[in-house]
1. Tell me, what is the 1.4 Å probe accessible area of Leu33, in Å² to the nearest 10?
2. Evaluate the charge dipole of the stretch 1-98 about its Cα centre and quote only its size in Debye, nearest 20, assuming +1 on the Cβ of each Lys and Arg and -1 on the Cβ of each Asp and Glu.
3. From the phi angles alone, apply the Karplus equation (6.51, -1.76, 1.60; θ = phi - 60°) to the stretch 12-18 and give each ³J(HN,Hα) in whole Hz, x where the residue is Gly or Pro.
4. Determine the order of Asp46, Asp38 by accessible area, beginning with the largest, at a probe radius of 1.4 Å.
5. How large, in percent, is the carbon and sulfur part of the accessible surface of the chain at a probe radius of 1.4 Å?
6. What residues qualify as long-range amide H neighbours of Leu7, i.e. H under 5 Å apart, gap of 5 or more or another chain, H built at 1.01 Å from N?
7. What are the lysines whose alpha-carbon lies under 21 Å from the alpha-carbon of Lys20, with same-chain residues fewer than 8 places away excluded?
8. So what are the ³J(HN,Hα) numbers for the stretch 49-66, from phi and the Karplus equation (6.51, -1.76, 1.60; θ = phi - 60°), rounded to whole Hz, Gly and Pro as x?
Amino acid sequence: MSRVGNLPVQIPAGVEVSVKDNVVTVKGPKGELQQSYDPLITVKVDGDEVVVTRANDERQARSLHGLTRSLINNMTIGVTEGYSKTLELVGVGYRASLKGNQLELSVGYSHPVYVEAPEGIKLECPDQTHITVSGINKQLVGQVAADIRKWRKPEPYKGKGIRYEGEHVRHKEGKTAG
């Protein structure tokens, strides 16, 4: 039995959930999100909670059961509170600045790197060494943060690079003479 899939998703006040043609739509104070789901899964709105059930106990249905419930839960949290990830720039001369909705990174290349914020994502630079990525779609927030981090991953010798806030970088010992 799916432990996650059997839990009903609580609908907070001010959030509206509708199900039509294998698509769940969640509207809230911060925006609207849509997610399609597999026909093996059944989604019903019962009062102030969403119940996710599966058609049978086949492997495919079992694997989609908890996933669908988690996606719907993430959507309800996203339209009420939103999601955010913070990145840190560590290294001499590593800087970030915001120009409109475009992020300019100076991370050791001979030229600045520009990252465009996709629709639904808000980029902020509280200072030159921190970047905050926020939005209502959890997957999109994580993907944009990972794309920014990809420009200069933390290296293990000096720890320079772009890292998530609180990320621990394991340091390696350098070469020894002789």
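1. Its heavy atoms expose roughly 30 Å² to the probe.
2. I would put it at about 260 debye.
3. With coefficients 6.51, -1.76 and 1.60, one gets x, 5, x, 10, 10, 10, 10 Hz.
4. Ranking Asp46, Asp38 by accessible area, largest first, yields Asp46, Asp38.
5. Working: 5210 of 10880 Å².
Reported share for carbon and sulfur atoms: 48 percent.
6. Long-range HN contacts for Leu7: none found.
7. Straight-line reach from Lys20, under 21 Å: Lys44.
8. 8, 10, 10, 10, 10, 10, 6, 8, 9, 5, 4, 4, 5, 5, 5, 7, 4, x
The values are calculated or read from the model by the stated rules, or taken from the named source; none is laboratory data. Keep in mind that what you see is a predicted model, and the values were worked out from it rather than measured. Methodologically, a virtual Cβ is constructed for each residue, glycine included, from the backbone with ideal geometry; neighbour enumeration extends over all protein chains shown. Side chains are part of the model used for accessible areas, which takes the heavy atoms of the whole protein and leaves out ligands, DNA and RNA. Shrake-Rupley method; radii C 1.70, N 1.55, O 1.52, S 1.80 Å.
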